[in-house]
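A.B. asks: Handing you this structure, nothing more for now.
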Amino acid sequence: MIYRYSLRGRGDLTEWRDAARGFLAAGILPNIIEWRTMDDADGLFGFDDNRLPPPDPAHVPLSVPASFVKLAGAVVCHSDPTRFALLYRMLFRILHGRHLMQVATDPDVVAAQRMAKSVGRDYHKMTAFVRFKELPLPEGAVGRRRFISWFEPDHFIIARVAPFFQRRFTDMDWLILTPKGSASWDGETLRTTDDPAEKPDLRDETDELWRTYYSSIFNPARLKVKMMTKEMPKKYWKNLPEAELIPSLIANAEASVIEMGKKAASEPLPFHHRIQEAAANAPVPPRPAAGTLAALKEEARGCTRCDIYCRATQTVFGEGPPDAKVMFVGEQPGDQEDLAGRPFVGPAGKLFSDTLAEVGIDRHSLFVTNAVKHFKYEPRGKRRIHQKPNMGEVRQCRWWLEQEIELVKPKLIVAMGATALFSLTDMRQKLEDVRGEPIAMEDGRIMFVTAHPSYLLRIPDEGRKAEELIRFREDMNKISRLAA
Amino acid sequence: MKKTLKERLAILSDAAKYDASCASSGTVKRDSAASGGLGSTEGSGICHAYAPDGRCISLLKILLTNFCIYDCAYCINRSSSNVERARFTPEEVVWLTLEFYRRNYIEGLFLSSGIIRSSDHTMEEMVRIARDLRTVHNFRGYIHLKTIPEASAKLIEEAGLYADRLSINIELPTDAGIDKLAPEKRPENIRRSMGSLRLKIEEMAEPTLQTKRRQKFAPAGQSTQMIVGADGANDATILGTSARLYGSYSLKRVYYSAFSPIPDSSKNLPLIKPPLMREHRLYQADWLYRFYGFDIGEITSARTDGMLDLDLDPKLAWALGHREQFPVDVNRADKEKLLRVPGFGTKTVKSILSSRRFRRIRLEDLKRLGVSLKKVQPFITAEGWTPHRLVDRTDLRAMFEPKPEQLSLL
């Protein structure tokens, strides 16, 4: 026998779900149910034959994946008369093979996804293309402003989309009328019906301003009509106040571009010359006195001695008291230093500061700088991968480091890592050969070599890392004694 | 005589249209249900209209004023141009935004401005508009503010409290280009501003120690725009700059804007049709870099002049140059390999990976997923399908090139 079942078919999931549960409990096969809706043309619509078969005692209640419930909620809103049969068939198949929803290539899944997509698009287009028109309050009346709109959706989406308008237009009363039902909001209650409404006669003066905006924001030099009609199909145009302008905007586009091209650049107006003159005569901001660190820093801001500069954000100059007794030299700024414009503020900087604090050195008493003043990196998606500066770049940048040393005149210079060591000595030596002991330099200063903190952070083996951290702290202790 | 509001709206939206972005996506979800105010944002943006240029209109995109003390050659509002000038009061911008919003023409405001008097003065007025919308009018819609690199850090910080997105346009891909065409702009200032914006966004996204709550600061992040075709930079240079910007400043988007002739154009610039196809290819390449695991070097390697192929999309162009990597077996290949097949998008790949756990994938399955078989066939093997050395065909490229247009008599 064939079961007939009639639904209102106005986008309500519950009515179908209740019936489907009943059929499923009785083990009824999909191909012997005829799902009917109010829209069926044969006029036989009626709820009299909506009797569900008695449940099969052997039936185990079925739980379905949440993704199916979500999908079904959208599919029931579609206007396709086969939607209920499709959903029941899928339900039945899920009962016998639970992974159906994961088989994205299955014909039923594809068909349902396509319907859901179409409903989703209809929903989206309704949120986009509803145009409210204000219904002015009677003379002298005070209260909430009132707006009305007429819209023609393809599917039964009124109840589904109404909460969107409530969330968005909370402080005004509104009414949306459509041939498939209407929705309204008065500040307290959101009401929806699925009775067809009549198109009202509406007018709103602000539409004129909107049309002005629409035609001015259009760029006639890049006509892409197909792209427009793909996203804003003609079926929506009759209810869009701006759409009446489209034919003339398209027709005049070419002419207005040619017109633009013919007009050669004209002579600038006097105010342009005044601005240019004012800029030329603008007082030059006071420059720091020559021969100071501040002046050197200013000069280094515009450094283009090597090619790293135009890829980095800014020059990261040394920082600290101009008469510091101890100077620390690292390799180059990293990601965080590059953004902030200050040396040793990232993860390595934190390790550096923490270790200093542990051994009782005040970071503020030190001059902290780098062998290379710009960040060299390779972009990798959302991150930047540190790249070691090459010898040429280190040599170019030594120009700045030498002047920093000359101005600060530190007693002790600490080279952290091989790049700093190379910059200070121009010799490529193994770090371990010179590490951990004071080395007298030609100019009477003392140099001390230790590891770079970011090297310590990169050691993968936890045990070795802990050892190296202890060595680093020992070095810092020695530095503390040397500086005293 | 003072121009009417309508006349000024025409001037100040015309002046704003060369900014490509109109995005209203990527921000937090919020609505006015609790506040009883106006406006909501729902994650994905809504395009409320499309102009015949195919561009989406989701925001009221206007300038506060088109008076400008800068003289950037590519810009319609440069000081030496003879375009009509106008300005809005902050109250007028607020009024237009709210009235347009109530009628559902738009879902927010994208406010930019010419530089008048000083950077701080201009920025202050823009921040005031955003603040009034949020605090006086209880407006919860989307706000995008253009940020002026030279404005003070305090103002930019305040802007981030009210705006969903902040953006600074880099405009040209090289420092030399900026120096030549936008003499008043300092590329290093632009980079520094983007850098401090990223630091601020990251700092505010950290939960605070006391309340454990994240503060809202430009939740839709920052973006930028580059003009394509105004200077001589090739696509490799443009994309290289994009990669650096994405990596350095965590930009949500880099927009590419084909240089389009402007009224009263500067003599220094080409008066040509905007290179729309080139712009399109750059967007495709940008997507390959961000979502498909391609390096910029790979994308631009197909040609020696650093330009993308205008006739073929960049993934197809890459595949034709790397035939040894094909065919790819849709039933076995890993995600990274599948993403490199011309004709497969991220969604298709996801569907394939999910489906093949339960059944072998055939060409019909792909067709049902909406894949163009003509495009993918030479590059894949599937259940019941091997391309019979199709990848080695010498005319493979010709199969994908656009058909030559038939000539017609003049």
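The values are calculated or read from the model by the stated rules, or taken from the named source; none is laboratory data. In this text, all values refer to a predicted model and were calculated from it rather than measured experimentally. Cβ sites come from the backbone with ideal geometry, for glycine too, and all protein chains shown count toward neighbours.
A.B. asks: Taking A:TYR377 and the conditions (1) modelled with pLDDT of 95 or more; (2) touching a Cys at 6+ places or on another chain (Cβ under 9 Å); (3) over 25 Å from A:PRO321 (Cβ atoms), which numbered condition does it fall short on, given that it satisfies the others?
C.D. replies: Going through the list (1) modelled with pLDDT of 95 or more; (2) touching a Cys at 6+ places or on another chain (Cβ under 9 Å); (3) over 25 Å from A:PRO321 (Cβ atoms), A:TYR377 breaks only (2).
A.B. asks: Now a separate question. Count, please, the residues in the range B:27-38 that happen to be within 24 Å of the chain's Cα centre (by Cα) and either at the interface with another protein chain (Cβ under 10 Å from one of its Cβ atoms) or within 17 Å of B:GLN225 (Cα to Cα) (or both).
C.D. replies: So in the range B:27-38, the residues within 24 Å of the chain's Cα centre (by Cα) come out as B:27-30.
Subset that is either at the interface with another protein chain (Cβ under 10 Å from one of its Cβ atoms) or within 17 Å of B:GLN225 (Cα to Cα) (or both): B:29-30.
Qualifying residue count, the range B:27-38: 2.
A.B. asks: Also: Would you tally the residues in the range B:223-252 being away from chain A (no Cβ under 12 Å) and under 17 Å from B:SER193 (Cβ atoms)?
C.D. replies: Going through the range B:223-252 one residue at a time, the tally reaches 4.
A.B. asks: Still on this structure: Of the residues A:PHE317, A:PHE328, A:PHE352, which single one is touching a residue at least 60 places away in the same chain (Cβ under 8 Å), within 24 Å of B:GLU203 (Cβ to Cβ), buried (at least 24 other Cβ atoms within 10 Å of the Cβ) and of a type in the set (Phe, Trp, Tyr)? First the steps, then the outcome.
C.D. replies: Working: A:PHE317 fails: buried (at least 24 other Cβ atoms within 10 Å of the Cβ); A:PHE328 fails: within 24 Å of B:GLU203 (Cβ to Cβ).
It is A:PHE352.
A.B. asks: Then there is this: Condition first: loosely packed, with under 10 Cβ neighbours inside 10 Å and either among the acidic types (Asp, Glu) or touching a helix residue (DSSP H, G or I) at 6+ places or on another chain (Cβ under 7 Å) (or both). Can you find one or more residues in the range A:283-302 that meet it?
C.D. replies: Taking every residue of the range A:283-302 in turn, at least one turns out to be loosely packed, with under 10 Cβ neighbours inside 10 Å and either among the acidic types (Asp, Glu) or touching a helix residue (DSSP H, G or I) at 6+ places or on another chain (Cβ under 7 Å) (or both).
A.B. asks: Just name the residue that is farthest from A:MET260 (Cα to Cα) out of those in the range A:210-236 that are aliphatic (A, V, I, L, M) and surrounded by fewer than 19 Cβ atoms within 10 Å (Cβ to Cβ). Even if it seems obvious, please write down each step before you answer.
C.D. replies: Just the residues of the range A:210-236 that are aliphatic (A, V, I, L, M), to begin with: A:217, A:221, A:223, A:225, A:227-228, A:232.
Checking which are surrounded by fewer than 19 Cβ atoms within 10 Å (Cβ to Cβ) leaves us with A:225, A:227.
Values: A:VAL225: 21, A:MET227: 24 Å.
My answer is A:MET227.
A.B. asks: Kindly indicate whether any position in the range A:182-204 is crowded, with 17+ Cβ neighbours inside 10 Å and out of contact with any strand residue (DSSP E or B) (no Cβ under 9 Å at 6 or more places or on another chain).
C.D. replies: Looking for residues that are crowded, with 17+ Cβ neighbours inside 10 Å and out of contact with any strand residue (DSSP E or B) (no Cβ under 9 Å at 6 or more places or on another chain), one finds none in the range A:182-204, hence no.
A.B. asks: Being modelled with pLDDT under 80, of a type in the set (A, V, I, L, M) and either part of a loop (DSSP other than H, G, I, E, B) or at positive phi (or both) narrows it down to one of B:LEU271, B:LEU251, so name that one. I'd like the intermediate steps shown before the answer.
C.D. replies: Working: B:LEU251 fails: modelled with pLDDT under 80.
Exactly one residue qualifies, and that residue is B:LEU271.
A.B. asks: Please go through the range A:310-330 and pick out each residue that is more than 14 Å from chain B (Cβ to nearest Cβ) and assigned to a loop (DSSP other than H, G, I, E, B). Give the derivation first.
C.D. replies: If we filter the range A:310-330 for residues that are more than 14 Å from chain B (Cβ to nearest Cβ), which is where we start, we get A:318-330.
Residues satisfying the conditions are A:GLY318, A:GLY320, A:PRO321, A:PRO322, A:ASP323, A:ALA324, A:LYS325.
A.B. asks: Of all residues in the range A:436-461, which are closer than 22 Å to A:HIS386 by Cβ and either in contact with a strand residue (DSSP E or B) (Cβ under 8 Å, 6 or more places away or on another chain) or outside any loop (DSSP other than H, G, I, E, B) (or both)? Working first, answer last.
C.D. replies: Of the range A:436-461, the ones closer than 22 Å to A:HIS386 by Cβ are A:449-461.
Within the range A:436-461, A:VAL449, A:THR450, A:ALA451, A:HIS452, A:PRO453, A:SER454, A:TYR455, A:LEU456, A:LEU457, A:ARG458 qualify.
Residues are listed down the side, and each one gets a yes or a no for (1) touching a Phe, Trp or Tyr at 6+ places or on another chain (Cβ under 9 Å); (2) assigned to a helix (DSSP H, G or I):
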site: B:GLU298; (1), (2): yes, yes
site: B:SER301; (1), (2): yes, no
site: B:THR304; (1), (2): no, no
site: B:MET307; (1), (2): no, no
site: B:ASP311; (1), (2): yes, no
site: B:LYS315; (1), (2): yes, yes
site: B:TRP318; (1), (2): yes, yes
site: B:ARG332; (1), (2): no, no
site: B:LEU338; (1), (2): yes, yes
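A.B. asks: Which numbered condition trips up A:SER480, out of (1) under 49 Å from the mean Cα position of the chain (by Cα); (2) exposed (fewer than 12 other Cβ atoms within 10 Å of the Cβ)?
C.D. replies: Going through (1) under 49 Å from the mean Cα position of the chain (by Cα); (2) exposed (fewer than 12 other Cβ atoms within 10 Å of the Cβ) one by one, A:SER480 breaks only (2).
A.B. asks: Considering only the range A:241-295, how many residues are aliphatic (A, V, I, L, M), over 40 Å from the mean Cα position of the chain (by Cα), more than 9 Å from chain B (Cβ to nearest Cβ) and not in a loop (DSSP other than H, G, I, E, B)?
C.D. replies: Here the count works out to 3.
A.B. asks: Sticking with this one: Sort out which residues of the range A:331-357 are polar (S, T, N, Q), in a helix (DSSP H, G or I) and touching a Pro at 6+ places or on another chain (Cβ under 9 Å), and write them in order of number.
C.D. replies: Our first condition is that a residue be polar (S, T, N, Q); within the range A:331-357, this holds for A:332, A:336, A:353, A:355.
Now restrict to residues that are in a helix (DSSP H, G or I): A:336, A:353, A:355.
Scanning the range A:331-357 gives A:GLN336, A:THR355.
A.B. asks: Look through the range B:339-389, keep the residues that are within 20 Å of B:ALA317 (Cα to Cα) and basic (Lys, Arg), and return whichever of them is farthest from the other protein chains (Cβ to nearest Cβ).
C.D. replies: For the range B:339-389, the residue satisfying everything is B:ARG389.
A.B. asks: State yes or no: is A:ALA420 out of contact with any helix residue (DSSP H, G or I) (no Cβ under 8 Å at 6 or more places or on another chain) and crowded, with 20+ Cβ neighbours inside 10 Å?
C.D. replies: yes
A.B. asks: Right, another one. Against the definition (of a type in the set (S, T, N, Q) and on the phi > 0 side of the Ramachandran plot), how does B:ASN104 come out, yes or no?
C.D. replies: Numbers: of a type in the set (S, T, N, Q): yes; on the phi > 0 side of the Ramachandran plot: yes.
Yes.
A.B. asks: Would you please name the residue that is surrounded by the fewest Cβ atoms within 10 Å (Cβ to Cβ), looking only at residues in the range A:81-106 that are away from chain B (no Cβ under 14 Å) and within 18 Å of A:ALA66 (Cβ to Cβ)? Walk me through it before giving the result.
C.D. replies: The initial filter retains those residues of the range A:81-106 that are away from chain B (no Cβ under 14 Å), namely A:81-92, A:95.
Checking which are within 18 Å of A:ALA66 (Cβ to Cβ) leaves us with A:87, A:90-91, A:95.
Working: A:LEU87: 24, A:MET90: 23, A:LEU91: 21, A:LEU95: 15.
Looking at residues that are away from chain B (no Cβ under 14 Å) and within 18 Å of A:ALA66 (Cβ to Cβ), I get A:LEU95.
A.B. asks: Something else about it: Select from the range B:97-117 the residues that are more than 25 Å from the chain's Cα centre (by Cα) and in contact (Cβ under 8 Å) with a residue 60 or more places away in the chain and list them in ascending order.
C.D. replies: Step one: list which residues in the range B:97-117 are more than 25 Å from the chain's Cα centre (by Cα), which gives B:98-99, B:102-103, B:116-117.
Of everything in the range B:97-117, those that are more than 25 Å from the chain's Cα centre (by Cα) and in contact (Cβ under 8 Å) with a residue 60 or more places away in the chain turn out to be B:LEU98, B:ARG102.
A.B. asks: Now for a different question. Determine which member of the set A:ARG428, A:ARG473 is modelled with pLDDT of 95 or more and surrounded by fewer than 18 Cβ atoms within 10 Å (Cβ to Cβ). Steps first, answer last, please.
C.D. replies: On the way: A:ARG428 fails: modelled with pLDDT of 95 or more.
Among A:ARG428, A:ARG473, only A:ARG473 is modelled with pLDDT of 95 or more and surrounded by fewer than 18 Cβ atoms within 10 Å (Cβ to Cβ).
A.B. asks: For the range A:432-457, name all the residues that are in contact with a Gly (Cβ under 7 Å, 6 or more places away or on another chain) and among the hydrophobic types (A, V, I, L, M, F, W, C).
C.D. replies: Passing the criteria: only A:ALA451.
A.B. asks: Same structure again: Of everything in the range A:126-179, what is at the interface with chain B (Cβ under 7 Å from one of its Cβ atoms) and of a type in the set (Asp, Glu)? Give them in sequence order.
C.D. replies: Scanning the range A:126-179 gives a single hit, A:ASP171.
A.B. asks: Any residue at all in the range A:391-409 that is in the same structural domain as A:PRO322 (by TED's automatic domain parsing), surrounded by fewer than 21 Cβ atoms within 10 Å (Cβ to Cβ) and under 18 Å from A:PRO347 (Cβ atoms)?
C.D. replies: Checked against the condition, which is being in the same structural domain as A:PRO322 (by TED's automatic domain parsing), surrounded by fewer than 21 Cβ atoms within 10 Å (Cβ to Cβ) and under 18 Å from A:PRO347 (Cβ atoms), the range A:391-409 yields no hits at all.
A.B. asks: Ok, one more. Only one of A:PHE218, A:PHE164, A:PHE271 is under 30 Å from A:THR14 (Cβ atoms) and among the aromatic types (Phe, Trp, Tyr); which? Show your work before the answer.
C.D. replies: Details: A:PHE218 fails: under 30 Å from A:THR14 (Cβ atoms); A:PHE271 fails: under 30 Å from A:THR14 (Cβ atoms).
It is A:PHE164.
A.B. asks: Something else: Here is a list: A:LYS199, A:LYS226, A:LYS238. Which entry is more than 13 Å from chain B (Cβ to nearest Cβ) and either assigned to a strand (DSSP E or B) or over 26 Å from A:ARG144 (Cα atoms) (or both)?
C.D. replies: Values: A:LYS199 fails: either assigned to a strand (DSSP E or B) or over 26 Å from A:ARG144 (Cα atoms) (or both); A:LYS226 fails: more than 13 Å from chain B (Cβ to nearest Cβ).
The unique qualifying residue is A:LYS238.
A.B. asks: Looking at this structure, is A:MET126 under 40 Å from the mean Cα position of the chain (by Cα), in contact (Cβ under 8 Å) with a residue 40 or more places away in the chain and either surrounded by 18 or more Cβ atoms within 10 Å (Cβ to Cβ) or assigned by TED's automatic domain parsing to the domain that holds A:PHE151 (or both)?
C.D. replies: On the way: under 40 Å from the mean Cα position of the chain (by Cα): yes; in contact (Cβ under 8 Å) with a residue 40 or more places away in the chain: no; either surrounded by 18 or more Cβ atoms within 10 Å (Cβ to Cβ) or assigned by TED's automatic domain parsing to the domain that holds A:PHE151 (or both): yes.
Answer is no for this residue.
A.B. asks: With surrounded by fewer than 17 Cβ atoms within 10 Å (Cβ to Cβ) and either among the polar types (S, T, N, Q) or within 14 Å of chain B (Cβ to nearest Cβ) (or both) as the only criterion, which of A:PRO379, A:PRO347 stands out? Give the derivation first.
C.D. replies: On the way: A:PRO379 fails: surrounded by fewer than 17 Cβ atoms within 10 Å (Cβ to Cβ).
A:PRO347 is the lone residue from the list that is surrounded by fewer than 17 Cβ atoms within 10 Å (Cβ to Cβ) and either among the polar types (S, T, N, Q) or within 14 Å of chain B (Cβ to nearest Cβ) (or both).
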